[in-house]
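This report refers to the structure that appears directly beneath it.
The values are calculated or read from the model by the stated rules, or taken from the named source; none is laboratory data. From a predicted model like this one, the values you see are computed outputs, not experimental measurements. Every residue, glycine as well, gets a Cβ built from its backbone with ideal geometry; the counts of neighbours run over all protein chains shown. SASA here: full protein model, heavy atoms, side chains in, ligands and nucleic acids out. Shrake-Rupley method; radii C 1.70, N 1.55, O 1.52, S 1.80 Å.
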Amino acid sequence: MPPKAPEPAAPLTPAMFHVLLALAGDDLHGYAILKEVDLRTAGEVKLSTGTLYGIIKRLLNDGLIIERRERPSAHDDERRRYYRLTPKGREVAATEAERLEKVVALARSRHLLKRAQPA
C-alpha cells in the first residue's frame with residue numbers, strides 16, 4: 001500500500017491553499033502574501049489582514065510554514081516577519097493541487113468546462 005499523503009490537522013480552506021501557493025515561489029512577509037494572492041487570483045480572492053494572520057498562525061501550528069529568522073536585506077523593515085513553506089507544507093499544497101486537478105478533470109468529463117487550451 002502506498003504511503004498516505006500528509007494532511008494538516010483539518011482540511012485546507014481555499015484561502016489557506018492560496019497562502020501556500022504564494023509561499024511556494026518565495027519567502028514572503030504578510031503584506032507581500034496579500035499582494036501575491038490578489039495578483040495571482042486577479043483580485044478574486046481578497047484576504048483581510050486579520051484573516052491572513054489567522055491563517056498564518058494555523059499554518060505555523062500545523063508545521064506547513066515556518067517563520068524565517070534571517071532578513072533578506074539589511075535595509076528591510078525589521079518589523080516584517082517572513083514566512084517559508086516547509087517540505088511538509090509543499091507536499092500538502094501539492095496534494096491539494098492534485099486533488100483539485102482531478103476535480104477539474106471530472107468537471108470537464110461531465111462537459112461542465114471546456115477542454116484545456118494549450119499554453
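If I go through the range 38-55 residue by residue, how many of them are more than 17 Å from Val92 (Cβ to Cβ) and either of a type outside the set (Gly, Ala, Ser) or part of a strand (DSSP E or B) (or both)? Break it down stepwise before answering.
Here is the first cut: in the range 38-55, the residues more than 17 Å from Val92 (Cβ to Cβ) are 38-54.
Next, from what is left, pick out any that are either of a type outside the set (Gly, Ala, Ser) or part of a strand (DSSP E or B) (or both): 38-41, 44-47, 49, 51-53.
Residues that pass the stated criteria total 12.
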Residue by residue through the range 8-37, note down the ones that are loosely packed, with under 12 Cβ neighbours inside 10 Å and part of a loop (DSSP other than H, G, I, E, B). Ala9, Ala10, Pro11, Gly25
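Got a number for residues in the range 41-70 being without any contact (Cβ under 8 Å) to a residue 24 or more places away in the chain, of a type outside the set (Asp, Glu) and open to solvent by 30 Å² or more (accessible area, probe 1.4 Å)?
The total comes to 11.
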Quick check on the range 83-96. Is at least one of its residues over 12 Å from the mean Cα position of the chain (by Cα) and of a type in the set (Gly, Ala, Ser)? no
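Quick one: in the range 82-95, which of the residues that are part of a helix (DSSP H, G or I) and open to solvent by less than 30 Å² (accessible area, probe 1.4 Å) is farthest from Leu52 (Cα to Cα)?
Residues of the range 82-95 that are part of a helix (DSSP H, G or I), as a first pass: 87-95.
Those still in the list that are open to solvent by less than 30 Å² (accessible area, probe 1.4 Å) too: 89, 92-93.
Values: Gly89: 16, Val92: 18, Ala93: 17 Å.
My answer is Val92.
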